[in-house]
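The values are calculated or read from the model by the stated rules, or taken from the named source; none is laboratory data. Bear in mind that the values here come from a model prediction, so they are computed numbers and not experimental data. No Cβ is skipped: glycine too gets one built from the backbone with ideal geometry, and neighbour counts run over all protein chains shown.
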Amino acid sequence: MTQSKPVVTGNPWRRLSAWTDARIGLGRAGVSLPTQEMLAFQLAHAQARDAVHLPLDTAALLKALEELTLRRNALLPHEPVHLQSQAGDRVTYLQRPDLGRRLSQSSCQVLDRLGHTGDSPVDLAIVVADGLSSYGVQENAVGFIEALLTDLEGDDQTWELAPLTVVSQGRVAIGDDVGHRLNARCVVVLIGERPGLSSPDSLGLYLTWQPRSGLTDASRNCISNIRPAGLPVEEASRRLMYLLGEARRQQVSGVPLKDRSEETVIDQGIGNFLLR
Amino acid sequence: MYRYSLGNRRWQFSTLAELMAKATPARSGDRLAGVIADTAEERVVAQMALAELPLKTFLSEAVIPYEQDEVTRLILDDHDVGAFEPVAHLTVGDFRNWLLSDHATQEILASVQAGITPEMAAAVSKIMRNQDLILVAAKCRVQTAFRNTIGLPGRMSTRLQPNHPTDDITGIAASILDGLLYGSGDAVIGINPATDNVAQSVRLLQLMDEVIRKYEIPTQSCVLTHVTNTLEAIEQKAPVDLVFQSIGGTEATNRSFGFDLATLAEARDAALSLNRGTVGNNVMYFETGQGSALSANAHHGVDQQTCEARAYAVARKFQPLLVNTVVGFIGPEYLFDGKEITRAGLEDHFCGKLLGLPMGCDICYTNHAEADQNDMDNLLTLLGVASCNFIMGIPGSDDIMLNYQTTSFHDALYLRRVLDKRPAPEFEQWLTRMQIFQDGEGKVPADKLPESFRASLASLPGGGS
């Protein structure tokens, strides 16, 4: 009997997946995905679909932030504040990004009552918004803020902070209005990024100098993929500190503010093995 | 004012932009912008009114004022009256007939390109069915070159997209290897950097340049960073093949992206001065996508498909190697589901090709859109039939950096087999020479690991196999 060729051809380079989450070396049936790989993808997509609709547990997040303000009272003398966009629910949020960028009327009143308007401006407002992955916020926001507070305390210049805010059904641009109403020189928005198949827990970060309504992405700097398996919170905070320092020094953010932080790339891998 | 009577009912549309918007097949972004037709009937009436409009109207009436917008000025100032002459007497409806007719051969279509404005292309697309968009696009041929030739008949290229969430060198190299061994990467090896700064761009450019040189791959590389970063990388003597930029169809959109037309001209000149192409010198790589103008609140009340077509005027000015409409990336606020994504992909490909652009498509969706792999299979097949120049290639359809799904290396091979498509000729010869493919047409991958890559894998911890 002659031995026939197997139906599925495996790929010997599959073991490279030890160094990446990318779906490499999947093998092939003819030139198509083998059944097992096809179904594994379908499962990941089903889970990501479910993650989009999981609501942020704001009560738990606010409680954790409250505990943080107690621990870090010198930098954070105020209690965290819960705000709401004009998108009342998830379905509206997904279809009406304009509403997710605007504060509800009652939230505007809450901020204006905080009485920062007219005083001398604070240096920084930190805004947490659920975005498209409440999971990313729930898992990473508190840890990131804690790392940032440590870096701010250790910085050469002093940083006066506005109260922490948490926005439900919020988009990135809502931070500009929040920052403006809190009379902050700079705003940093932490927001859940759209969930990927391999990373349903990504947190994104956007910095704007002199925040006010109507700004576009050209005025913002972004650091993305903050999560344990991506950019760790300490490293993200270090990069943000560079941007904050430069924004404050140059009084600018966005396209004119280039991220020139030293790349201390910790290659977890073995470099470019293709050159060997 | 544009009027139309149907039976004893009279309809009116106050501006050209309103007529165009209401004639557009339904999609969520136009609903979000408040420019969509109120009823299904109003949409068809608008299409009927649009069909009666002379093409010449678009030369005398701008959807965004000439004084306010440099893209409008580009469109009207660069319009070629001589090239327009053969279709100058037509209405939009007649133009559809003409495009579908046997008068409009590949050569004739190429000769009228410079006479067609984006708004004319958008208008006629609005009264075309999907099969019309496919048929006419398949007649258009747009060929470009840098280190290989893209857009030849019977060919379909792929961008190898080895993104990694932390730009990890090993991770990126692993995806490049996977892609090359599945025959991907003749359009470009293009990385979206996770860290968007000059230092990182230079590092990634060097990585790709070294791989391309070591294996003598007839292809080009690109880091998809802001045009001003690439300009700085060129100043630092980094190995830049292609300049990337996301572009939109209004001046305000492009300003929100942080550039204007002068920036692009400067960057193109800088890339040309490096003289790195071997068989051609198309040095620009543009990405577009319906909804970007509205997203930047820079749409001037114009529907998103017309804004998209206007972006092609920006692209056309700079003779790109590749133009990629990233059709499903923007999300369900602009293209709600598989049906809207499919329609938009076919419209973009058609409009781009009609205007003379080397159109490719990032056939994709996000996890918050009402779409799945089956929708992508459908659009992939349709665009293959329409002779799309290139598609994306990514391991297992999963972009672990940008968090969306696009076409996989396997998907491209599926299309090559069912539609008898081949990669760019120079790249195809390389695949055969390197024993990556068993056949000479890039359809049958080798069963064993090709000799040239064995040493690299053997160097890994655990050795080769």
Qualifying position, being at pLDDT 95 or above and within 14 Å of chain A (Cβ to nearest Cβ), among B:Ser111, B:Ser157, B:Ser184: B:Ser184
Number of the condition not met by B:Thr228 [criteria: (1) polar (S, T, N, Q); (2) in contact (Cβ under 8 Å) with a residue 24 or more places away in the chain; (3) out of contact with any strand residue (DSSP E or B) (no Cβ under 7 Å at 6 or more places or on another chain); (4) more than 13 Å from chain A (Cβ to nearest Cβ)]: (4)
Matching option when the condition is more than 30 Å from B:Phe336 (Cα to Cα), among the small types (Gly, Ala, Ser) and at pLDDT 95 or above, among B:Ala33, B:Ala83, B:Ala37, B:Ala46: B:Ala83
Tally, over segment B:291-316, of residues that are within 11 Å of B:Glu251 (Cα to Cα), within 14 Å of another protein chain (Cβ to nearest Cβ) and crowded, with 24+ Cβ neighbours inside 10 Å: 2
Residues that are more than 17 Å from B:Tyr414 (Cα to Cα), more than 7 Å from chain B (Cβ to nearest Cβ), assigned to a loop (DSSP other than H, G, I, E, B) and under 36 Å from the mean Cα position of the chain (by Cα), drawn from segment A:7-34: A:Asn11
Qualifying residues in segment B:4-32 (those that are among the polar types (S, T, N, Q) and not in a loop (DSSP other than H, G, I, E, B)) - the one surrounded by the most Cβ atoms within 10 Å (Cβ to Cβ): B:Ser28
Scan of segment A:105-140 for residues that are buried (at least 20 other Cβ atoms within 10 Å of the Cβ) and in a loop (DSSP other than H, G, I, E, B), ordered by number: A:Asp130, A:Gly131, A:Leu132, A:Ser133
Subset of segment A:91-104 that is over 17 Å from A:Asp176 (Cβ atoms) and more than 10 Å from chain B (Cβ to nearest Cβ) - its residue that is surrounded by the most Cβ atoms within 10 Å (Cβ to Cβ): A:Thr92
Residues being over 13 Å from B:Gly179 (Cα atoms) and touching a strand residue (DSSP E or B) at 6+ places or on another chain (Cβ under 7 Å) - total across segment A:5-27: 3
Any chance B:Arg73 is more than 30 Å from B:Phe259 (Cβ to Cβ), free of Cβ contacts under 8 Å to residues at least 24 places away in the same chain and not polar (S, T, N, Q): no
Search result, residues across segment B:246-266 that are among the small types (Gly, Ala, Ser), buried (at least 21 other Cβ atoms within 10 Å of the Cβ) and either without any contact (Cβ under 8 Å) to a residue 40 or more places away in the chain or away from chain A (no Cβ under 14 Å) (or both): B:Gly249
Subset of segment B:125-166 that is buried (at least 24 other Cβ atoms within 10 Å of the Cβ) and of a type in the set (D, E, K, R) - its residue that is nearest to B:Arg417 (Cα to Cα): B:Arg159
Matching entry among A:Ser202, A:Ser198 (being touching a residue at least 60 places away in the same chain (Cβ under 8 Å), within 14 Å of chain B (Cβ to nearest Cβ) and more than 21 Å from B:Ser295 (Cβ to Cβ)): A:Ser198
Hey, B:Ser452 outside any loop (DSSP other than H, G, I, E, B), of a type in the set (S, T, N, Q) and either closer than 18 Å to A:Arg28 by Cα or more than 9 Å from chain A (Cβ to nearest Cβ) (or both) or not: yes
Positions within segment A:229-276 being under 18 Å from the mean Cα position of the chain (by Cα), under 30 Å from B:Leu180 (Cα atoms) and either at pLDDT 90 or above or not in a loop (DSSP other than H, G, I, E, B) (or both), in sequence order: A:Leu231
Hits in segment B:412-445 (condition: in a loop (DSSP other than H, G, I, E, B) and touching a Leu at 6+ places or on another chain (Cβ under 8 Å)): B:Lys421, B:Pro423, B:Ala424, B:Ile436, B:Gly442, B:Lys443
Pairs with Cβ under 8 Å, 6+ apart, first in segment A:77-90 and over 19 Å from A:Leu182 (Cα atoms), second modelled with pLDDT of 95 or more and part of a loop (DSSP other than H, G, I, E, B): A:Ala87/A:Gln169; A:Gly88/A:Gln169; A:Asp89/A:Gln169; A:Arg90/A:Gln169
Hey, B:Asp447 charged (D, E, K, R), surrounded by 22 or more Cβ atoms within 10 Å (Cβ to Cβ) and either within 11 Å of chain A (Cβ to nearest Cβ) or within 20 Å of the chain's Cα centre (by Cα) (or both) or not: no
Options A:His82, A:His78: the member that is more than 19 Å from the chain's Cα centre (by Cα) and away from chain B (no Cβ under 14 Å): A:His78
Residue list for segment A:205-215, filter: away from chain B (no Cβ under 13 Å) and either more than 17 Å from A:Arg101 (Cα to Cα) or part of a loop (DSSP other than H, G, I, E, B) (or both): A:Trp209, A:Gln210, A:Pro211, A:Arg212
Test: B:Ser175 is within 12 Å of another protein chain (Cβ to nearest Cβ) and buried (at least 24 other Cβ atoms within 10 Å of the Cβ): yes
Residues of segment B:327-369 satisfying the condition of being within 14 Å of chain A (Cβ to nearest Cβ), within 16 Å of the chain's Cα centre (by Cα) and more than 19 Å from B:Ile36 (Cα to Cα): B:Gly328, B:Phe329, B:Cys364, B:Tyr365
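A quick yes/no check of all residues on (1) surrounded by 24 or more Cβ atoms within 10 Å (Cβ to Cβ); (2) in contact (Cβ under 8 Å) with a residue 24 or more places away in the chain; (3) touching a Leu at 6+ places or on another chain (Cβ under 8 Å):
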| residue | (1), (2), (3) |
| --- | --- |
| B:Gly171 | yes, no, no |
| B:Gly185 | yes, yes, yes |
| B:Val188 | yes, yes, yes |
| B:Pro193 | no, yes, yes |
Residue in segment B:414-444 that is nearest to the chain's Cα centre (by Cα), counting only those that are within 11 Å of chain A (Cβ to nearest Cβ) and among the basic types (Lys, Arg): B:Arg416
Segment A:129-156, subset among the polar types (S, T, N, Q) and modelled with pLDDT of 95 or more, residue nearest to A:Ser199 (Cα to Cα): A:Asn140
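Name the single residue that is modelled with the highest pLDDT among those in segment A:64-96 being among the charged types (D, E, K, R) and over 22 Å from A:Arg113 (Cα atoms).
Applying the filter and picking the extreme gives A:Glu67.
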Subset of segment B:59-80 (residues that are in contact with a Phe, Trp or Tyr (Cβ under 7 Å, 6 or more places away or on another chain) and either at pLDDT below 95 or not charged (D, E, K, R) (or both)): B:Thr72, B:Leu76
